[in-house]
Amino acid sequence: MRKYEILYIINASVEEAARQEVIENMKNIVTAGNGVVSEVTEWGVREFAYEINHMTKGYYVLMNFEADQDTVKELDRLNRINANLVRFLIVNLEDK
């Protein structure tokens, strides 16, 4: 298993309960693929540098985890179809 981090932005207009559900869902995707979530840091609502899809703010979350390549591919696939996510970026920490 390799070490990764994902930074994702949740739509700022999403309710608190739905936001926590998105965060838990991200953890569950990793753990369902036999991965390990080491840390989740919520940065909170921040202004965008430029407008994205008519939005100017988003809720930022950083998650560090260990997983295999298939789990990362599944996480990427599910994030692309999640309507509550504005943007996300998965980085392999071992390539640094």
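The table below gives the values:
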| item | result |
| --- | --- |
| Spatial extent of the chain: Rg and Dmax, with the Cα atoms as the point set, Å | 13.2, 38 |
| Nearest-20 debye value, segment 2-95 charge dipole, Cβ charges on Lys, Arg, Asp, Glu | 200 |
| Reach of K3 by Cα under 14 Å, taken over aspartates and glutamates that are not fewer than 8 positions away in the same chain | E39, E66, D68, D70, E94, D95 |
| Simple label model, 7 Å out from Cα along Cβ direction - M1 to I52, nm | 2.7 |
| At most 13 other Cβ within 10 Å, DSSP loop - GluC sites (Glu not before Pro), segment 1-83 | E15 |
| Gained length - E21 relative to D68, 0.36 nm times residue gap less alpha-carbon distance | 14.6 nm |
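Bear in mind that the values in this text are calculations on the coordinates, not laboratory data. Keep in mind the model is a prediction, meaning the values are calculated, not measured. Every residue, glycine as well, gets a Cβ built from its backbone with ideal geometry; the counts of neighbours run over all protein chains shown.
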